[in-house]
1. Taking the condition of being open to solvent by 10 Å² or more (accessible area, probe 1.4 Å) and in contact with a Pro (Cβ under 9 Å, 6 or more places away or on another chain), how many residues in the stretch 38-53 meet it?
2. Are any residues in the stretch 346-367 open to solvent by 30 Å² or more (accessible area, probe 1.4 Å) and of a type outside the set (S, T, N, Q), and if so, which ones?
3. What about Q284, is it within 27 Å of R232 (Cβ to Cβ) and open to solvent by 30 Å² or more (accessible area, probe 1.4 Å)?
4. Could we say that L109 is in a helix (DSSP H, G or I), crowded, with 19+ Cβ neighbours inside 10 Å, touching a Pro at 6+ places or on another chain (Cβ under 8 Å) and not polar (S, T, N, Q) here?
5. Report yes if D339 is part of a helix (DSSP H, G or I), open to solvent by 40 Å² or more (accessible area, probe 1.4 Å), in contact with a Phe, Trp or Tyr (Cβ under 6 Å, 6 or more places away or on another chain) and over 27 Å from V104 (Cβ atoms), otherwise no.
6. Is it the case that the stretch 260-275 has a residue that's among the small types (G, A, S), farther than 24 Å from P194 by Cβ and either crowded, with 17+ Cβ neighbours inside 10 Å or free of Cβ contacts under 8 Å to residues at least 24 places away in the same chain (or both)?
7. Please go through the stretch 134-153 and give me each residue that is part of a loop (DSSP other than H, G, I, E, B), exposed (fewer than 14 other Cβ atoms within 10 Å of the Cβ) and either at pLDDT 95 or above or in contact with a helix residue (DSSP H, G or I) (Cβ under 9 Å, 6 or more places away or on another chain) (or both), ordered by number.
Amino acid sequence: MMFGANAGVRDEVGFLIVHQRYSDHLFPGTSVLHTRLRYALLIPWLYQSLRAKRPIPKDFAQAFIDIEHRLTGRLQFGDDGGEPDGVIGGEVYPRAISQPPAYVYWTALAKWGLIGTRPDGRPWSRPDMARLLTAGSKRSMHDDDGKPFETAAWPITGLIDPPIEWDSDGKLTLEMSAKEKEFLACKLRAVRSPSDPSEPSLLSKLVGQPLDDIVHCWGDEILGLAGKDASRLKRAGQAAALSAIGRAIYAALVESLKEVRDKRPQDDLHRKDLGEVVEDWGSQAAALDFAQFHDDVGILPAPVESALRETLAWVRSRKKDPTALLNVYARAEYSRKGDRARLANSQFGVDRRLEWQGEKHGFAEPLHYRWGNIKRLLRDLEGVA
């Protein structure tokens, strides 16, 4: 979805690349799919349970699917209530889900130190973990690259024990005990900055803090905690504002093309919204230092970078009409979506605009950098010592 290859992608111009890169720096290991923090313990406990029971090799994949599926049921527990918030797959249980908990949290487990690294320093993959679990019946084991790691130690070490009810079939909760909170607080406080391992990450600095009333992660309250990341975080807020304007420009351009070029009258929803978005976010966006922003996020696809540069110049010019940005936005969209691009000056573009319904296209908002998920995760540690 991040790179526009999938049908239905809503990141038409490429602003989610900025979102991903700032998010990965400020909040390492996090994902927009994360729900509750206890999954960072539940998943390693599942692997420990399988290691203790060790199914025969050919049955491992299904054994893990089954044990993970049972976990969802134990958290959901049917008509008897269950967790009101955050059960992955709870809404469709007992049907299987395409992105189960281990898939959703795997990067976090590595980044947060709950799964160690391989002997060569690389992170363990889930297939490699499966090979470790089945290694008892093999003299030699190889990773995805064909390299042997038969001497590798089990990568989950130092994990606290699961609760006494873990080995039963009874109910489980996503609430954590005091011991579990202390353990995960220690792990998260040890998460380092990706650009400077001598520095703690912003994520680590937020452990135990009350965050619910803070609307944006670049707010003054968070800037005051950010330390050396404060300047980067402020630029992230400015880039978020610029992206909000860019998203509004895109929708306004599609709406205008459909009315003017395709002769299909449109309500003035997104062209009106563009003015409101610029009024709300224009000053913050205009303050962005593009050279420092570029240092923050690294190399961007050329059409995306051009769209961001031209949008910043347009905001600073205080112009009202975005028509001058049509070509640069059309190139950025086509680079990501090909013949599904709505701004294209072709029959494909006409067809895609015909399908587009302005009233169903979401209004522009700033990039959020996973802030809602961060708050929900860290809410489980609020007040921890």
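1. The number of residues fulfilling the criteria is 2.
2. Restricting attention to the stretch 346-367, the residues satisfying the condition of being open to solvent by 30 Å² or more (accessible area, probe 1.4 Å) are 346-348, 350-352, 354-355, 357, 359-360, 362-363, 365.
The answer is F348, V350, D351, R352, L354, E355, E359, K360, G362, F363, E365.
3. Working: within 27 Å of R232 (Cβ to Cβ): yes; open to solvent by 30 Å² or more (accessible area, probe 1.4 Å): yes.
Yes, satisfied.
4. Working: in a helix (DSSP H, G or I): yes; crowded, with 19+ Cβ neighbours inside 10 Å: yes; touching a Pro at 6+ places or on another chain (Cβ under 8 Å): yes; not polar (S, T, N, Q): yes.
Taking the combined requirement at face value, the residue satisfies it.
5. Details: part of a helix (DSSP H, G or I): yes; open to solvent by 40 Å² or more (accessible area, probe 1.4 Å): yes; in contact with a Phe, Trp or Tyr (Cβ under 6 Å, 6 or more places away or on another chain): yes; over 27 Å from V104 (Cβ atoms): yes.
Considered against the rule, which asks whether it is part of a helix (DSSP H, G or I), open to solvent by 40 Å² or more (accessible area, probe 1.4 Å), in contact with a Phe, Trp or Tyr (Cβ under 6 Å, 6 or more places away or on another chain) and over 27 Å from V104 (Cβ atoms), D339 comes out as yes.
6. Going residue by residue through the stretch 260-275, those that are among the small types (G, A, S) are 275.
Filter once more, keeping what is farther than 24 Å from P194 by Cβ: 275.
Add one more test, that the residue is either crowded, with 17+ Cβ neighbours inside 10 Å or free of Cβ contacts under 8 Å to residues at least 24 places away in the same chain (or both), and what stays is none.
Checking the stretch 260-275: not a single residue is among the small types (G, A, S), farther than 24 Å from P194 by Cβ and either crowded, with 17+ Cβ neighbours inside 10 Å or free of Cβ contacts under 8 Å to residues at least 24 places away in the same chain (or both).
7. Our first condition is that a residue be part of a loop (DSSP other than H, G, I, E, B); within the stretch 134-153, this holds for 134, 138-141, 143-147, 149-153.
Still in the list and also exposed (fewer than 14 other Cβ atoms within 10 Å of the Cβ): 138-140, 144-147, 150-151, 153.
Passing the criteria: K138, D144, E150.
Rundown of residues vs (1) hydroxyl-bearing (S, T, Y); (2) assigned to a loop (DSSP other than H, G, I, E, B); (3) open to solvent by 60 Å² or more (accessible area, probe 1.4 Å), yes/no style:
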| residue | (1), (2), (3) |
| --- | --- |
| D280 | no, no, yes |
| L300 | no, yes, no |
| A344 | no, yes, no |
| Y369 | yes, yes, no |
| G372 | no, no, no |
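The values are calculated or read from the model by the stated rules, or taken from the named source; none is laboratory data. Quantities reported herein were computed from a predicted structural model and do not represent experimental measurements. Backbone-built Cβ (ideal geometry, glycine too); neighbour counts: all protein chains shown. For accessibility, only protein heavy atoms count, side chains too; no ligands or nucleic acids. Shrake-Rupley method; radii C 1.70, N 1.55, O 1.52, S 1.80 Å.
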